[in-house]
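Below is one structure, written out as structure tokens; comments come after it.
The values are calculated or read from the model by the stated rules, or taken from the named source; none is laboratory data. Just so you know, these numbers come straight off a predicted model, no measurement behind them. Heads up, the Cβs are rebuilt from the backbone with ideal geometry, glycines too, and the neighbour counts pull from every protein chain shown.
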Amino acid sequence: NKLKLNNFKNISQTELNFCANVNCLVGENGVGKTNILDAIHYLSF
């Protein structure tokens, strides 16, 4: 339940650990919340 991103859109490097239940992405505009969702979407195919 982990996502590692390197040089994906505006995210230079990050590692996210997800819970089994509900996960929320919270932050200011332009920090990459939608880009994280895009990465998850691309991996779902």
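Annotations
- For segment 29-45, filtered to residues that are under 11 Å from the mean Cα position of the chain (by Cα) and assigned to a loop (DSSP other than H, G, I, E, B), the residue that is nearest to Lys2 (Cα to Cα) is Gly32.
- The residue pairs whose first member lies in segment 1-29 and is surrounded by 10 or more Cβ atoms within 10 Å (Cβ to Cβ), whose second member is part of a loop (DSSP other than H, G, I, E, B) and modelled with pLDDT under 95, and whose beta carbons are closer than 8 Å, counting only pairs six or more residues apart or on different chains, are Phe18/Asn1.
- Subset of segment 1-28 [acidic (Asp, Glu) and under 11 Å from the mean Cα position of the chain (by Cα)]: Glu15
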